[in-house]
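Below: the structure, in structure tokens.
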Amino acid sequence: MLAIWKREVQAYFYQPIAYVLIGLFFLVSSIFFTLGTVAGGYAEMNYLLSNVTFILIFVIPILTMRILTEDRKNGTEVLLVTSPASVTQIVLGKYLASFTVFLVMFASTLIYTAILYILGGKPEVPMLIGGYTGFLLLGACFTAIGVFASSLTESQIVSAIISFVFLLIVNLIDAIASFLGGFFAKVLDMFSLLSRYNDLNSGIFDITSIIYYLSFTAVFIFLTTRVIDKRRWSQG
């Protein structure tokens, strides 16, 4: 698994894709930070973090679109699944490689926290920790969705579109629940990632939310292994 992770991380940084995405994320988040947090006089990071989550809808699909489609298109998927590593280890290695690039993006936001302190701001520690924890867990879930979408096709463009649609639905699910109301709202709320994120971003720590995010990530990683396993057996 570590060998796969290392190879995929190197593949990301040997190509411009990782640098472009990290640069794009940093640029847009800097605009939000300057025009929203600093200009608005906010002494918290939570305003910025709650806004840049929307950027992930566009960044994550591009980040993950090649992670499994490339092997399938090049015919190297067969070599991977017949290697000593299990399908689960292969998927985890690739998932962690994509998540590593996300972590670099995540780490770039720490610069804004330092700037806030330099400017004399004093962010509330519980809200700061909650906001970063929620953003990290949300990124883990979004990356898992992107990797799953990548397992469904050999086209990077199709993979990105599927991932984008998934993530868009995830972001709109609260609005849809509010529109429907009643029983349907309660059902949709069970699948809401953002409502739990908003709680964490407000400094409200609920262990069930953290467990939910980790479980959500694990489910999509499991589904990805099932897709690859099913394709392997169908091809004999």
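Selection of the range 146-159 for residues being buried (at least 24 other Cβ atoms within 10 Å of the Cβ) and β-branched (Val, Ile, Thr) yields only Val147. The residue list Gly134, Gly182 contains one member that is surrounded by fewer than 17 Cβ atoms within 10 Å (Cβ to Cβ) and among the small types (Gly, Ala, Ser), which is Gly182. Quick one: which of Arg196, Arg232 is basic (Lys, Arg) and at pLDDT 80 or above? Sole residue among the options that is basic (Lys, Arg) and at pLDDT 80 or above: Arg196.
Conditions tested, residue by residue: (1) surrounded by 18 or more Cβ atoms within 10 Å (Cβ to Cβ); (2) at pLDDT below 80; (3) among the hydroxyl-bearing types (Ser, Thr, Tyr); (4) assigned to a helix (DSSP H, G or I).
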site	(1), (2), (3), (4)
Ile162	yes, no, no, yes
Asn171	no, no, no, yes
Ile176	no, yes, no, yes
Ile204	no, no, no, no
Val219	no, no, no, yes
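Hey, can you tell me all the residues within the range 178-202 that are assigned to a helix (DSSP H, G or I), in contact (Cβ under 8 Å) with a residue 40 or more places away in the chain and of a type in the set (S, T, N, Q)? Scanning the range 178-202 gives Asn198, Asn201. Residues that are in contact with a helix residue (DSSP H, G or I) (Cβ under 8 Å, 6 or more places away or on another chain) and among the hydroxyl-bearing types (Ser, Thr, Tyr) within the range 168-210 comprise Ser178, Ser192, Ser195, Tyr197, Ser202, Ser209, listed in sequence order.
Going by the conditions given, is Tyr47 among the aromatic types (Phe, Trp, Tyr) and in a helix (DSSP H, G or I)? Criteria met by Tyr47. Within the range 94-114, the set of residues being more than 30 Å from Phe222 (Cβ to Cβ) and surrounded by fewer than 16 Cβ atoms within 10 Å (Cβ to Cβ) comprises Ser108, Leu110, Ile111, Ala114. In the range 51-100, counting only helices (runs of 4 or more DSSP H) that sit wholly within it, the ones holding 2 or more residues that are modelled with pLDDT under 85 span 69-74, 77-81.
The values are calculated or read from the model by the stated rules, or taken from the named source; none is laboratory data. Predicted, not measured: the structure shown is a model, and the values here were computed from it. No Cβ is skipped: glycine too gets one built from the backbone with ideal geometry, and neighbour counts run over all protein chains shown.
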